[in-house]
1. Would you please put 435-446, 34-45 in order of how densely packed they are, using the mean number of other Cβ atoms within 10 angstrom per residue and starting with the highest?
2. Is region 78-131 rounded, prolate or oblate when judged by the Cα gyration tensor, a ≥ b ≥ c being the square roots of its eigenvalues, rounded requiring a/c under 1.5 and prolate requiring a/b larger than b/c?
3. Between 0 and 90 degrees, rounded to the nearest ten: what's the tilt of helix 436-453 against the longest Cα principal axis of the chain?
4. Could you give the nm distance between label points at residue 311 and residue 340, where each point is 7 Å from its Cα heading toward the beta carbon?
5. How far, in nm, would the chain grow between residue 134 and residue 203 when pulled straight, counting 0.36 nm per residue and subtracting the alpha carbon separation?
6. If you stretched the chain out fully between residue 253 and residue 173, how much longer would it get, using 0.36 nm times the residue separation minus the C-alpha to C-alpha distance?
7. Mind running the shape call on region 267-356? Use the C-alpha gyration tensor, a ≥ b ≥ c as the square roots of the eigenvalues: rounded below 1.5 for a/c, prolate if a/b tops b/c, oblate otherwise.
8. What does the helix-only formula give at 222 nm for the chain: each DSSP H stretch with n ≥ 4 adding -39500 (n - 2.57), the total divided by the residues, and the result rounded to the nearest 500 deg cm²/dmol?
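Just so you know, all these numbers are worked out from the coordinates, no wet-lab data involved. These numbers come from a predicted model, not from an experiment. Heads up, the Cβs are rebuilt from the backbone with ideal geometry, glycines too, and the neighbour counts pull from every protein chain shown.
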């Protein structure tokens with residue numbers, strides 16, 4: 001997202017970075033002081049602001065459409081909105097959907113209309129956390145976007161497909177912002193060390209610490225700059241007291257281990273859970289363990305993960321290895337017995353067994369096919385020989401007549417059990433993986449016997 005060069009820029013006809021800054025700016029947090037003011041100063045979003053980037057083309061057209069920036073914290077959503085306002089010579093109106101409501105939106109609209117009447121230019125309304133407005137509240141923007149009173153730029157960390165209403169989405173272009181790569185954040189931190197507030201301590205912060213802070217930030221530029229400011233304050237304090245030693249161990253103790261970027265109700269959760277299950281299905285135990293660890297470290301409930309593995313055992317392994325389902329269920333029971341941290345060992349065993357087991361979804365497909373047939377064909381009559389006959393009357397009506405008890409005939413009877421209309425239908429088709437190979441051979445032998453009896 002962010003990198004504000006320290007050198008002077010004259011492309012707008014003024015010195016944006018003159019040594020003398022307003023007191024309010026010099027007192028601002030480092031992340032605010034380093035915020036870019038033009039697209040040229042933005043790092044880490046090349047797909048949008050690179051030479052062929054979409055925002056470059058939008059800026060060149062001279063017309064800024066309403067947009068929704070979708071991306072993780074610290075990826076540059078606010079920064080890009082401010083830069084676009086500058087390119088459009090529009091008044092920038094920041095608004096937080098967390099702190100404000102429809103009343104405040106109406107006040108902004110009135111100011112925008114007044115500005116428009118007086119010929120003072122357009123208004124770009126930047127709505128941070130726009131997903132916090134419910135879908136009814138989001139309608140408040142629609143008429144003012146349509147009549148040109150506002151250029152709406154929303155920012156969200158949530159999937160707009162679910163978080164925004166269809167009417168608003170149809171009027172906005174959604175742009176996806178990626179988490180910032182560590183090398184871009186490292187470049188940003190190195191530039192930040194040239195800031196007047198940090199330049200005196202920069203020599204005491206080695207490159208390895210800068211790189212560690214970039215990795216630690218997990219794609220969030222704001223977090224990286226805030227952490228650098230904390231480290232710099234420690235350096236300044238120690239410098240007044242004597243020797244200064246800032247190393248990786250000191251930084252780790254100072255900042256601790258922050259949570260991985262994750263939202264248990266958002267896309268990060270579902271993306272990781274999807275990657276975990278797909279790694280199990282793809283028979284890659286190493287990838288499965290990695291995504292399982294990510295989910296656990298981000299705070300997911302281990303019981304949720306174990307339940308997912310129980311479902312996976314039945315859905316994706318099935319009868320290729322009938323032991324898999326039992327092991328997954330045992331895993332839940334064992335976890336409930338021992339809890340964490342030892343529970344991670346149990347989860348690792350279950351995950352690696354499932355990943356390396358033979359795979360078949362034949363039982364899963366068979367169940368769905370049978371349900372579909374039941375819905376489509378309605379209440380087909382049960383063959384008479386299969387019906388229950390608990391009374392003499394029912395027996396006299398032919399219930400259970402002609403039924404052959406398989407155990408009296410060597411364990412198998414060449415009989416048709418499906419209703420007449422579905423005779424010959426195959427729902428369960430073993431795929432020949434693992435134990436299903438034996439099942440397939442057995443079913444084929446029985447099928448031949450049944451056909452021979454017709």
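1. 34-45, 435-446
2. Judged from the Cα gyration tensor, region 78-131 comes out oblate (a/c at least 1.5, b/c at or above a/b).
3. Between helix and principal axis, roughly 40 degrees.
4. 2.1 nm
5. In short, 19.9 nm is gained.
6. Working it through step by step, the gained length comes to 24.5 nm.
7. The shape class here is oblate.
8. -14500 deg cm²/dmol
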